[in-house]
Structures are given as structure tokens and as C-alpha cells.
1. Within 10 Å, count the other beta carbons around each residue, average over each peptide in B:148-154, A:347-353, and list them highest first.
2. List, in order, the whole-Hz ³J(HN,Hα) value for each residue of region B:207-215 obtained from phi through the Karplus relation with A = 6.51, B = -1.76, C = 1.60 and θ = phi - 60°; use x for Gly and Pro.
3. Summing both sides, how much accessible area is buried between A and B? Use a 1.4 Å probe and give Å² to the nearest 100.
4. Quick one: net charge around B:Ile45, please, counting Lys, Arg +1 and Asp, Glu -1 for every other residue with C-beta under 15 Å from its C-beta.
5. Can you give me the long-range amide H partners of B:Val64? Hydrogens built in the peptide plane at 1.01 Å from N, cutoff under 5 Å, separation of 5 or more residues or another chain.
6. For A:Lys473, go through the lysines and keep the ones whose alpha-carbon is under 26 Å away, minus same-chain ones fewer than eight residues off.
7. Looking only at other chains, what is the average number of their beta-carbon atoms within 10 angstrom of each beta-carbon in A:191-199?
8. What part of the accessible area of chain B, given as a whole %, is carbon or sulfur when the probe is 1.4 angstrom?
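The values are calculated or read from the model by the stated rules, or taken from the named source; none is laboratory data. Keep in mind the model is a prediction, meaning the values are calculated, not measured. Note: ideal-geometry Cβ built from the backbone for every residue, glycine included; neighbour counts use all protein chains shown. For the accessible areas, the whole protein counts, side chains as well, though only heavy atoms, and no ligand, DNA or RNA atoms are used. Shrake-Rupley method; radii C 1.70, N 1.55, O 1.52, S 1.80 Å.
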Amino acid sequence: MAIAGESFKSRASSALSDASLQTSIAGLKSGFVAARARAVAALPEFEAMRDAGAAIKDHTLAHLDVYLERYEREVVRQGGKVHWARDAEEARRIIREICAAAGARTVVKGKSMVSEEIDLNAALEADGLEVVESDAGEYIVQLAGEAPSHIVMPTIHKTTDDVADLFEDRHRAYGFMDRAKSAAELIGQVRTILREKYFAADVGITGANFLVAETGSNIIVTNEGNGDLTSTLARVHIVTAGIEKVVPTLNDASVLLRLLARSALGMEVTSYMTLSTGPRRADDLDGPEEYHVVLIDNGRTEMLGGAFQSMLRCIRCGACMNHCPVYLSVGGHSYGWVYPGPMGAVLTPMIAGHEKAKELPHACTLNGRCQQVCPVKIPLPDLLRRLRHQQWEQGFIDATTRWGISAWAWLAQRPKLYRAATGLAIPVLAWLGRSSGRFRSLPLASGWTAGRDMPAPQGETFHAQWARRARQK
Amino acid sequence: MSASGREAVLARIKAALGNRLLTEAEAASIEKRMKSPPVGPRPGISGEAIEQFIAKAKGNLFTVERVVSLQLLVPAVKRLLEGVDGIPDISVAPALSHLGWPTDWDINVGPGRRIEPISVTPALAGIAETGSVILLSSSASPTSLNFLPDVHVVVLRASDIVGFAEDVWARLRSENVDWPRTVNIISGPSRTADVGGIVVRPAHGPKAVHIVLVDD
């Protein structure tokens, strides 16, 4: 999908005043955060698993070429094809060519974040293909013409009523004339409609949570079973995957699967974990006739071998956003692209470029909760700090901010002058605010005071208090 | 051309990693890691594997029924169908088609259909850690039968219950089987929470999974 044009700040402002969105996010906070905490508390081995998961990813990334070539060899041995795409454009072209060669009309898709990243649906639709998302959440956002707002729960921003309105309007075409009210009825409609689509599909496209070099398999993890029907019933199965998805062996995948379900949903396992390997065998009674894997770089090799390599450990569980105070205030759409929250604030500038995502590394309080819950121990706050530094070096910070920060840095590096200046400013502010004890507005701080009052200082500076208490001891 | 894409992406990876050739020791260690994969940290299993399997499977909202012989599978399915009007219409995996199914039933021995009330398929193994069943695709067990039915009956031998998924991978490696197109690890009925965060069963797959555990 294309990167949204307007700024993070303006999207975040409208998100904060969106009552329905705020209700939905509150549920995320109470539900998934608590569920993850319970799942982790029930498992004394969790810390050791995080270390093992990070080590597996680091080892694989250090030999990424070796493992990708082994993976490719196994896929080919099983009768599949591997395609390599340098960027989004090349990935789209490869997939369009596979669809054209198959004479495809209908494409059903399982959930794949990388297919969102390469804006695949629009490209296929431009070729005249019918493209249907099969994950219930992805189906809903596709029908609404929206983007997912969470990488695991795409519809976290929508209430049941929102979905009922949407289906009442759009499902008449399928003969559902009455408004469905309950979640169960609404999902029942999706099940009925999609059942026909699976059987009609020429091409089924799924993502991959992992690629296994040992067997040449892709692994998908779902609760709905949509990915399985997509990859089993279509004539052609195409897997889209970032190059960082490969792991050496089934045992390595097993370690990461334990971390994934707990970190994403607070559950020990999901209903379905499926390994697909090559096309149907000669005597199989079902399964696709063709199996293609499209390995996508799209900026990943620029993270490899450098300061941002640890970001390539990411297994897309969404725990960082579920625990992020900024994400939990403004929701996923504020981030403007496919990947929201802390992982998105790193990935978006790395994949799409600093100029397209200038504000994202700043949409962070550096509180560190994301790093604490990350199942593969990605130092997200450090990466965000590093991105801020890069932006400064590369001149992406606007002149006013640069001037302000430079002036503050100049002052802060001169302790005597700093103390003199604050020693003067504090009593003046205290005197100015003496009547109400707070300020409704302050020059240069209107952004801060727009939402709340600034308390007036009550006495001495911190430095002065510290020095006085030290003397008293 | 994807061929040029391949060379370009691999060249980028090698360059990012410093264009370093593997030392002999590194190559040997990777080879060893692939041949005998290390096992990572795992949760403990409390008590007998079979007892934990049953407890965890029930926690996953499977129903579990123990029978003493595979010959009791057909009566078990008959009981499931009690109260269903009309002639039973079920799908049976070819691996289980020889078990003496009633001749007056409609029995589909083959891949799944659009409308699929009930299917019966064999499991390769059960995993005690998570109460999951593992099913492999083959000419005797089409994958679509695991996802299209409203009710999925899984037949599992008690002796095929192991502690962990890694035990199943080790078994498959040692038996040197032709790797199947599909390996399904199933740990519950189909579900979703994508509308209003409310859990709904089923989403696209079975609304109920019944495990017939055969003691042998």
C-alpha cells in the first residue's frame, strides 16, 4: 500500500478524538496484554526461549545466503519454484506473471503483511483479477477500503456495529438482505461467501511466518483455517515472504512458534500451524498443481550486517504495539503505512525511506516496554534513537527544532550558565504563575499547553534542591 | 527476470555480510546443525504424556474419546451422528475406508466437498506439550478433509502420542519418509476474534474436532 500523505501528527490528533477507536484500543490493552502476561507467567522457560529465539535468528542472518540457497534447493527438489525480488515492483511483476501464465481470474489471499508492503492487491486488480482476502479481519478491511491497523488483529479499530453496517451495505450482492447483528452471524456470512471463493480460486496467495531450509517448507500460523483452504484448494499456491523469514530446521521453527503464539495472543498455540512443501504429489487427491515462493528483499539487505540487523529478527507478533503507550493512544492507522507501533516506526523509515516517515521515530517515549516484551529481544528503543540520530545527521529535522535543540545543547553543555539561567527562569515563572499556580498557555510550548495546563514552578530548581539536601545530610 | 533478481539479492546479502567465505569449521558446523538439529528450551510435561495430551486437548476445546480398538471407530462415528435426520453423508480418508462403514450411508472417499458435514481422517501423532494433533497429506489422507467439514473426527493411536513437535520431526527424519505436501498441526476448532474482539467458532474450518484415541 502507498504511504499516507498527511502527517503522523494530524492522523494522531484525529485518532485521539475518535471515541469508537479509543474503545476498541482499550479492549486490546486489557485483553491481550493481560493474556500475554498470564501465558508468560505460566512458563518458567520463557526467558530462555527468548534468548534461544534471538540466537536462532542471529545465526541464520549471519549465514543468510547459505540458508536461503539450501532452502531454495529443497523447494526445487520438491517440485516448487523460487523467485527472488529485489524490490516491491519486481515482486509484483513476478506474481502478476505467475497469475497470467496460470490464466487466473480469481485470487484468494491468506494474511500476508509483506503482500501489503508491496501493495499487491492493487496491482492484481489493475490486471483485471478478482482479489479476495480470506482472513476475516483482512476481508473486512478490504471491503471497507481500509488498511489493517494491527499486524495480527487487522480490525482492532472496528466495532461490531461498524462491521454490521459494512456488511448490510455490501453483502446484499450475496443475498444477505437483513442486517446481521451478532459477531457470529457476521462471521457466518464471511464463511459462506468465502467457501465459494476458495473453490473458485485459480491462485491462492499466502504469506509465511517461517521458511524452513531443512525441508523447503513454508509455515503459516492461523486460527481461522482460511490460509489452509487458500493454499489447498487453489490450482496455484504462491507464497510471499521476506528473505529474513528463513530458519535452518524444523526444531528452530518449533522454538520460534512457541514464542509467537504466546507473544501475539497470549496463547500456547493457535488452532492451525501448517507446513506446505511443493505442489501436490503425483498421487495426492488435493492440493495445488503449482507451488511458487517469492522471496522479497525490498530494503532488508540494507539492514543486514549493520546497526539495524536485529530488526530482521522480528517475527511479526505485534507484542511491541500491544504494549506501546503511543500505539495504544493513537492506533495503527496513525502510522500511515503497513507496519505500525514500535516495529513499524523502525521498519517504515528503513524500507520506505526517512523522507516518507520522518515523524515515526519520534512517536516514542523511549519507555522501553516494547523491548521488554519482544520475543526475540530486538532493542527497539535503541534502534529508534539511532534513527533519530540518522535523521539529524542527514538533515531531516526541520530548522526550528534544530535551532531549539542546538540552543538547548549549547546551554546544557555549560553547567554554570545552565544553572544561572534556570535559577533565574524558575522564580520568574513562579511569580508569573502565582495567582492560579498554572499556565493555560506558554510561548514556544503551545503544542503542550493545547491539551493541558503547565503547572507553575513552586520554588527552587532541581539542582538547587539537590545541593541543599546534600548539605543537610 | 527472476534469475537476475536471484543473483542480485544473493550478491546484496553476501556484500552486507562482508563477502566472506565460510571457513571449513563454519561450514562443518552448519552441516552438523542441519543433520542433527539442536533442541531449544521447552516447557515441562507433567506426568504421563498421554494424560497431559488429553488434558491439553480438552483445554483446546477438542472432545476426546478413548476406544480400545480401531474396530470401534465406526460405532463411535455412529454415536456422533445420533439424532441427525436422513441418511448420513460423511467423508472418510482412504486410509480408513476399509473399516466396515455402513453400506446404507453416503460415504465419500476422497477430497473434501463444499458442503461437508463430517469427515474422518487419521493423525500421524499427538503432541502432549500442547494437546495438538499432526496430520500429513497423502493419497490416503487429503488435506481438504481437515478443513472443510463442520465436524472433524481425528483418529489417533495412543502409541503415537509424543512429548513435543521435535519428537515428531525426529521420527520423520529417522523414517526417511518422502516429505508430504502438507503437514497440519491442529490445536483446536476454527475460530476468529476479528469482529469486535468477540471469539466466534467456527471461522472457515471445523466448528468441532473430535479425537478418537485408539489404545493399542
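1. B:148-154, A:347-353
2. Using θ = phi - 60°, the values come out as 8, 9, 10, 10, 9, 9, 9, 9, 6 Hz.
3. 7100
4. After counting each charged neighbour, the total is -4.
5. B:Ile211
6. Within the straight-line cut-off, A:Lys473 pairs with A:Lys416.
7. Average per residue, whole number: 3.
8. 55
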